[in-house]
Amino acid sequence: MANPTQPNVGFTSSNTQERQGPTPPNPDNKTPILPPPSFVTPPRFPPPTLHLQKQDQASNVLSPANDGVIKTGSGHVPHLSTPPGPPVFTSPVRPAAVPFRTSPASPQPVSFSSGSSLPALSPQQISNGSDDLQQHQDSNSIIKDHVPAEDSSFVLFSAHKVLKQKKQANVPSLGFGALLSPGREVSTGPQVIQRDPHRCQICGAYANIYSNILLGSGQWQCVICRKLNGSGGEYIAYNKEELHRFPELSSPIVDYVQTRNKGPSFVPVLDSRISAPVVLVIDECLDEPHLQHLQSSLHAFVDSLPPTTRLGIVLYGRTVSVYDFSEESVASADVLPGDKSPSQESLKALIYGTGIYLSPMHASLPVAHSIFSSLRAYKLNIPEASRDRCLGTAVEVALAIIQGPSADLSRGIVKRLGGNSRIIVCAGGPNTYGPGSVPHSFSHPNYPYMEKTALKWMESLGREAHRHNTVVDILCAGTCPVRIPILQPLAKASGGVLVLHDDFGEAFGVNLQRASARSAGSLGLLELRTSDDILITQVVGPGEESHVDTHESFKNDSALYIQMLSVEETQCFSISMETKGDIKRDSVFFQFAIQYSNVYKADVSRVVTVRLPTVDSISGYLQSVQDEVAAVLIAKKTLLRAKNHSDAIDMRSTIDERIKDIALKFGSQLTKSKLHRFPNGISLLPELLFHLRRGPLLGSIIGHEDERSVLRNLFLNASFDLSLRMLAPRCLMHREGGTFEELPAYDLAMQSDAAVVLDHGTDVFIWLGAEVAADEGRSAAALAACRTLAEELTEFRFPAPRILAFKEGSSQARYFVSRLIPAHKDPPYEQEARFPQLRSLTQEQRTKLKSSFVHFDDPSFCEWMRSLKVVPPEPR
């Protein structure tokens, strides 16, 4: 999505988070690398091709069906992302005993000072009222060379500096960009301002910590277009210290909050955060074992809800049953046919009837328990996949219940709920009956046409839900295929998620609770502005292009506008950028503004402003690169194109080409050799991309394409923390005394006298070595410690991962082994260099470890790098 005034921008929607602010060289022992060789070599990494989406109209709209890729004007741009902070260990975790860099939950952000000191400027310092205004150089407004600050967790940049030379900066194999998490909550939170912001009358940018102020007149200079603006005298001050009272001039992140009444329909609610209803849409075509697990999860779910949460319960099979909470002695439901969409007459009869279909938990908890207890297993002798399920009709009915009678008042006044309402579908099989359905069998002669029709209908229903500020989450479980391609558009277009589970047990129950507890703002609009030197080329995340006409307010607003499908903490936008030409200035600016209505019914405008320094030195730039953020950005761009298994195989080759091109452009050539050494300044990047190449996102670990499709869609919108864990697993070895040591995710960690936890984002594995498993007491203690750690690591993660435990040599252990880099094939000196924990083993233990491995053809990380004619970087 792009504003019409920025025709050169393309947009791709999915989620990503940005790193904030510039961080000059970190003292983290990064070794400077030599600049690339002077001779000219043709590029070996093809520049990305951007395809303009065909539209019936002139506008280019990002739709969930096109993977959230928004393309606009004559150029194309992909966008969006952000994650929660790491949980606190109750068991101490020992750092890796080697130059192995652990993976924090979020990369170190650049620090910003809490106060901005602005010197008084005289009119003589301004020759033309704009461009010649001297930048204030007070220490409090200058970017520091160190990196703390929770504030910048909203935005994570792939590098804390920008190369001045266009040719060097725009190398596509490495790229430059940011991950933005608009809805992220931090402990300190941004400063709150309860007044209208000062905005540039030319480009629409907000006054911020980096704006130059004329103390005598109160005028401020825009950092984006560099024009002067008035402040209505508000910024007039005798000295710079007086300006500290303005949060926007002393903090890089502020929230402008307005709680004033917006219309006759607005009625304050004491606890509006939980006033938005939750409607459960439950599959009633389940066999007895699945139903028992589901009932247990549902009972636990309603017990966890706050007492003021309003709940609705809808069941679907061949018909749709809407349960009535007014009947306390018996489970009672009104039934509608499922073969077609409900008519307006039937919906009016339902909504205006005597039944109560949404009821607060404090008044209806016993009724909800009785409804769940009354559920019965499917009785007919029909295969699971062939049972009639009218999921589409059921969601339509649930949406009508949430809208309620106010939806069709002639005055058009609709109740304003706190945040988004939520529909949670509990599905055990495909939608095979009624609108949006597909035939039971793939061999149906008209299946392709019916599938295409179902996809469009489901997406349309998702968009309808989004228009009514309702998010649809689909939680699938069981062994019956649910036809993911049909259901995904419904969840995606509404701003929800689709999650697969093995059964309706523990992980399903946890996700049910976390889905309903997610705070979701509504009516989100994201504005992206950059200095003239920067061009946004792609955005990936949960949003759609929005054409906002701001010409009446701002003369030359070139911002890129993105309509957010929902505003949640777990979301992230991945933003890719390039430089338009050689940069002359010493710094460039980025401003991100998010306007939304929060769960307390307040209108919020969150403004994040970042300044990054520019450099000529390639080695200085590489030292500022944040390997993990860069890897996540690359992975999201790559996964966006991997729509099926065939594409995934092709994308593995593009990873290979990236590595070769980065080594060619930024590495050094070995003497008397055609080999290039990968730059040590970004030594973590190739290993992270190797995990991407062979892991579940692009590799062959996952057997069914539906599972990979679900992971892909989760990854594209996931926060930075979850994205990083899905990209590369985190390996923790249990030690005596209940502590854990973090190690590289290599198969050398599979030591028989140890227990290991492997966190891979959507899955957490606990592996017990043979010696540990043989000792019952030791095994129980290690397993309990590992499970506690796994639960702490994933306490706030959504979707909640499944936690699997198994012993060395068991058939299930293959899930664990396949996600580790096979370093046992490397020579001993390389093993010790990359996995120093081996040095603590005796010769007997090392011999035993070596003999425990089974030979297979997968290359190790070093073998893979050498196969690309690239020398691996030195480990940190």
Residue pairs qualifying under the 6 Å Cβ cut-off, at least six apart or on distinct chains, with the first in segment 794-807 being closer than 16 Å to LEU714 by Cα and the second being hydrophobic (A, V, I, L, M, F, W, C), are PRO799/VAL499; ALA800/ALA507; ALA800/VAL510; PRO801/VAL764; ARG802/ALA507
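Among the residues that make up segment 550-559, is at least one of them among the basic types (Lys, Arg) and open to solvent by 30 Å² or more (accessible area, probe 1.4 Å)? Write out each step before concluding.
Applying the first criterion (among the basic types (Lys, Arg)) to segment 550-559 yields 555.
After this cut, where a residue has to be open to solvent by 30 Å² or more (accessible area, probe 1.4 Å) as well, the list is 555.
Yes, that holds for at least one residue.
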All conditions in (1) modelled with pLDDT under 90; (2) open to solvent by less than 70 Å² (accessible area, probe 1.4 Å) are true of CYS862 except (1)
Inter-residue pairs, beta-carbon under 7 Å, first under 25 Å from ALA159 (Cα atoms) and of a type in the set (Gly, Ala, Ser) and in segment 563-583, second in a strand (DSSP E or B) and open to solvent by 10 Å² or more (accessible area, probe 1.4 Å), 6+ apart: SER576/THR537; SER576/GLN538
With the structure loaded, tell me whether PRO405 is modelled with pLDDT under 90 and of a type outside the set (A, V, I, L, M, F, W, C) or whether it fails that test. yes
Tell me the helices (runs of 4 or more DSSP H) entirely within segment 762-876 that contain at least 2 residues that are within 30 Å of PHE504 (Cα to Cα) and of a type outside the set (Val, Ile, Thr). 776-793, 813-817
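Pull up segment 670-692, narrow it to residues that are among the aliphatic types (A, V, I, L, M) and part of a helix (DSSP H, G or I), then point me to the one that is most open to solvent (accessible area, probe 1.4 Å).
Let us first name the residues in segment 670-692 that are among the aliphatic types (A, V, I, L, M), namely 670, 675, 682, 684-685, 688-689, 692.
Add one more test, that the residue is part of a helix (DSSP H, G or I), and what stays is 682, 685, 688-689, 692.
Working: ILE682: 0, LEU685: 2, LEU688: 18, LEU689: 0, LEU692: 2 Å².
Here the answer is LEU688.
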Of all residues being more than 20 Å from ASP557 (Cα to Cα) and open to solvent by 60 Å² or more (accessible area, probe 1.4 Å) in segment 220-238, which is farthest from the chain's Cα centre (by Cα)? Just the residue, please. TYR238
All but one of (1) of a type outside the set (Asp, Glu); (2) under 30 Å from LEU804 (Cβ atoms); (3) in contact with a Phe, Trp or Tyr (Cβ under 7 Å, 6 or more places away or on another chain) hold for PHE504; which doesn't? (3)
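Within segment 473-531, which residues are β-branched (Val, Ile, Thr), over 22 Å from ASP763 (Cα atoms) and open to solvent by 20 Å² or more (accessible area, probe 1.4 Å)? Steps first, please.
Taking segment 473-531 first, the residues β-branched (Val, Ile, Thr) are 474, 479, 482, 484, 486, 497, 499, 510, 530.
Pick out the ones that are also over 22 Å from ASP763 (Cα atoms) and you get 486, 530.
The one that is β-branched (Val, Ile, Thr), over 22 Å from ASP763 (Cα atoms) and open to solvent by 20 Å² or more (accessible area, probe 1.4 Å): THR530.
Are there any helices (runs of 4 or more DSSP H) wholly within segment 307-416 with 1 or more residues that are surrounded by fewer than 16 Cβ atoms within 10 Å (Cβ to Cβ) and of a type outside the set (A, V, I, L, M), and if so which?
On the way: elements: 344-351, 361-373, 391-403.
Those helices (runs of 4 or more DSSP H) span 344-351, 361-373.
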Among the numbered criteria (1) farther than 22 Å from GLN831 by Cβ; (2) open to solvent by 30 Å² or more (accessible area, probe 1.4 Å), which single criterion is violated by ARG730? (1)
Output for Cβ contacts, cut-off 6 Å, separation at least six or different chains, first residue within 19 Å of GLU687 (Cβ to Cβ) in segment 645-670, second of a type in the set (S, T, N, Q), reads MET651/THR638; ARG658/SER173; ASP661/SER173; ILE662/SER173
Looking only at segment 803-858, count how many residues are within 25 Å of PRO696 (Cβ to Cβ), open to solvent by 70 Å² or more (accessible area, probe 1.4 Å) and at pLDDT 90 or above. 1
In segment 618-654, how many are outside any helix (DSSP H, G or I), open to solvent by 10 Å² or more (accessible area, probe 1.4 Å) and not polar (S, T, N, Q)? 1
Please determine whether any residue of segment 328-335 is modelled with pLDDT under 95, within 30 Å of ALA454 (Cα to Cα) and charged (D, E, K, R). yes
With the requirement that a residue be open to solvent by less than 70 Å² (accessible area, probe 1.4 Å) and of a type in the set (Ser, Thr, Tyr), what does segment 440-472 give you? SER441, TYR447, THR453, SER460, THR470
If you go through SER605, SER558, SER574, the only one that is part of a loop (DSSP other than H, G, I, E, B), within 17 Å of LEU525 (Cα to Cα) and not charged (D, E, K, R) is SER558
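Every residue, every condition in (1) in a helix (DSSP H, G or I); (2) modelled with pLDDT of 90 or more; (3) within 19 Å of GLN831 (Cα to Cα); (4) in contact with a Pro (Cβ under 7 Å, 6 or more places away or on another chain), yes or no:
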| position | (1), (2), (3), (4) |
| --- | --- |
| GLU707 | yes, no, no, no |
| VAL710 | yes, yes, no, no |
| PHE715 | yes, yes, no, no |
| GLY737 | no, no, no, no |
Could you check ASP303 against (1) surrounded by 14 or more Cβ atoms within 10 Å (Cβ to Cβ); (2) within 17 Å of GLY509 (Cβ to Cβ) and say which number it fails? (1)
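The values are calculated or read from the model by the stated rules, or taken from the named source; none is laboratory data. Keep in mind that this is a model prediction, so the values were computed, not measured. Positions of Cβ are backbone-derived with ideal geometry, glycine not excepted, and every protein chain shown enters the neighbour counts. Accessible surface areas use protein heavy atoms only, side chains included; no ligands, DNA or RNA. Shrake-Rupley method; radii C 1.70, N 1.55, O 1.52, S 1.80 Å.
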